[in-house]
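*Asks:* First the structure, which I've put down as structure tokens, then a few questions once you've had a look.
The values are calculated or read from the model by the stated rules, or taken from the named source; none is laboratory data. Since this is a predicted model, take the numbers as computed values, not measurements. In this analysis, Cβ positions are derived from the backbone assuming ideal geometry, glycine residues included, and neighbour counts consider all displayed protein chains. Surface areas here come from the heavy atoms of the whole protein model, side chains and all, with no ligands, DNA or RNA. Shrake-Rupley method; radii C 1.70, N 1.55, O 1.52, S 1.80 Å.
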Amino acid sequence: MIKLTNLTKDYGSFTAVKNINLEVQAGEVFGFLGPNGAGKTTTIKMMAGLLQPTGGSVEIGGFDVQKDPLRAKAITGFIPDRPYLYEKLTAAEFMRFVAELYTMTDATARIRDLLELFGLADWAGELVENFSHGMKQRLVMASALLHEPKVLVVDEPMVGLDPRGARLVKDLFKDLAAKGVTVFMSTHTLEIVEAMCTRVAIINKGEIIAGGSVGELGRLARMENSHLEPIFLKLTGGDETI
């Protein structure tokens, strides 16, 4: 469902992402793990079509994100690490706006169910500007799922969520994967990957330095004198709660 081929992003003489190659199958919760500044968000923005690669390509469900962006985006849900919302709309109005973007003819029941799922039903008529950061993050997640995407791309899913919200997201991702949805999530915290993902790739300084199952990652993390030990030390100090 996701294929990155020699994906590269340069900013002048600085290479933020260098020749990344990845394939992710349907129904996987795939962890993209790396310390802050490793290139995770740059990669995800290229996957979402928000940044143009310097080289290489991104395919979502067989559609090239650069050559066939509308069809690629039609099956993709994107959740950024910092929510961007129209704050003068109510939660329900924002959801209806997103539904219109995807040309959904009657999304009333779907909107109601998602607001209920994310604990926002009682706030449906409230302006988004009055929401806490965690509530805004939950609204963004609800809107990303509105059109029932086949691929969900998530940048730092636990940022701003309380423990209850984090557990909800964990269970949600596993439920989506069981239904065949591909979840690609970035994080800088090892514990989140171990709790939620089936496979993982580790990125550092713009390059993939390791990859495999979560079990294999755990064995690497426990090995003394591993070449990845400095990276693992950076990845075990997160404050998110699962």
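*Asks:* Only residues in segment 57-69 that are more than 20 Å from Asp10 (Cβ to Cβ) count as the first member; pair them with residues that are among the aromatic types (Phe, Trp, Tyr) and assigned to a strand (DSSP E or B), Cβ under 9 angstrom, at least 6 apart or cross-chain, and list the lot.
*Replies:* Pro69/Phe63
*Asks:* Between a residue in segment 196-219 that is surrounded by 15 or more Cβ atoms within 10 Å (Cβ to Cβ) and any residue that is in a helix (DSSP H, G or I) and acidic (Asp, Glu), which pairs come within a Cβ distance under 6 Å, given they are 6 or more apart or on different chains?
*Replies:* Correct list of pairs: Val214/Glu194.
*Asks:* Right, another one. For Val169, are the conditions met, namely being open to solvent by less than 20 Å² (accessible area, probe 1.4 Å), in a helix (DSSP H, G or I), in contact (Cβ under 8 Å) with a residue 12 or more places away in the chain and under 10 Å from Val29 (Cβ atoms)? So that I can check it myself, show each step before the final result.
*Replies:* On the way: open to solvent by less than 20 Å² (accessible area, probe 1.4 Å): yes; in a helix (DSSP H, G or I): yes; in contact (Cβ under 8 Å) with a residue 12 or more places away in the chain: yes; under 10 Å from Val29 (Cβ atoms): no.
Against the criterion (open to solvent by less than 20 Å² (accessible area, probe 1.4 Å), in a helix (DSSP H, G or I), in contact (Cβ under 8 Å) with a residue 12 or more places away in the chain and under 10 Å from Val29 (Cβ atoms)), Val169 does not qualify.
*Asks:* For segment 122-165, name all the residues that are open to solvent by 40 Å² or more (accessible area, probe 1.4 Å), of a type in the set (A, V, I, L, M) and either part of a helix (DSSP H, G or I) or modelled with pLDDT of 95 or more (or both).
*Replies:* Within segment 122-165, Leu127 is the sole residue that qualifies.
*Asks:* Continuing with the same structure: Take Ala109 and decide whether it is open to solvent by less than 90 Å² (accessible area, probe 1.4 Å), assigned to a helix (DSSP H, G or I) and either of a type in the set (Asp, Glu) or touching a residue at least 12 places away in the same chain (Cβ under 8 Å) (or both). Reasoning before the result, please.
*Replies:* Details: open to solvent by less than 90 Å² (accessible area, probe 1.4 Å): yes; assigned to a helix (DSSP H, G or I): yes; either of a type in the set (Asp, Glu) or touching a residue at least 12 places away in the same chain (Cβ under 8 Å) (or both): no.
Here the answer is no, as Ala109 does not meet what is asked.
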